[in-house]
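Derivation of every value follows stated rules applied to the coordinates shown; laboratory data play no part. In this text, all values refer to a predicted model and were calculated from it rather than measured experimentally. No Cβ is skipped: glycine too gets one built from the backbone with ideal geometry, and neighbour counts run over all protein chains shown.
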Amino acid sequence: CANLSVLSASITALCVGNASDEESEEMAPLRSALKAYSFFLAEVMSMCEEEAKENAAMGVVEKQVGGGKKKSNLAKKGQLVEWKWDEQRERATHVMNGALDVDLYRVFRPKPVDQAFCRLFINIATASLENPTSLKSKVTKRATFQMVGSVASKWGALD
């Protein structure tokens, strides 16, 4: 998440000022890095959301069947380190929303803003809105709605 935040800030700093031919040459590797980090983080977020849904469903089944055996089943899965997605979701969603604050028209210039890139943020927002746990966090909820709003209003990619 930190790398995407720093990259977004670097792109924003480069975008401040007048557009030039040199800027487009400097922007190409930054554009590639922005897309790569965003797609990678979106994939991690998607996998974590799916795993959280599975764990929640398994927890409900275990409560109905046998009581408090949740920890033992998690240990049997072979998890080396316990990583709590619920604690990381807020930060990841906030960072992804921050990536949309970049002037994407200048990043993708001379081509239009990549629709697949914008759709990525809509997919993240949709997954977040489908999960009741994520909507409990005000920061996550705000970032989710801002993502949808940014894609729709700023980048015109919500068709």
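On the basis of the beta-carbon distance and an R0 of 35 Å, Tyr105 and Ala56 show a calculated FRET efficiency of 0.30. Taking θ as phi - 60° and the Karplus parameters 6.51, -1.76 and 1.60, the scalar couplings of segment 119-127 work out to 4, 4, 6, 5, 5, 5, 5, 4, 4 Hz in sequence order, x denoting glycine and proline.
Multiplying the residue separation of Gln115 and Phe145 by 0.36 nm and subtracting their alpha-carbon distance yields 8.9 nm.
Computed 3J(HN,Hα) for segment 86-102, one whole-Hz value per residue from the Karplus formula 6.51 cos²θ - 1.76 cosθ + 1.60 where θ = phi - 60°, is 4, 7, 8, 4, 4, 5, 5, 5, 4, 5, 5, 5, x, 5, 7, 6, 5, glycine and proline marked x.
Rounded to the nearest whole Hz, the Karplus-based 3J(HN,Hα) values (6.51 cos²θ - 1.76 cosθ + 1.60, θ = phi - 60°) of segment 38-53 follow the sequence 5, 5, 5, 5, 5, 5, 4, 4, 4, 5, 5, 5, 4, 5, 5, 5, with x at glycine and proline.
Were the residues from Ala36 through Val16 laid out at 0.36 nm apart, the gain over their Cα-Cα distance would be 4.9 nm.
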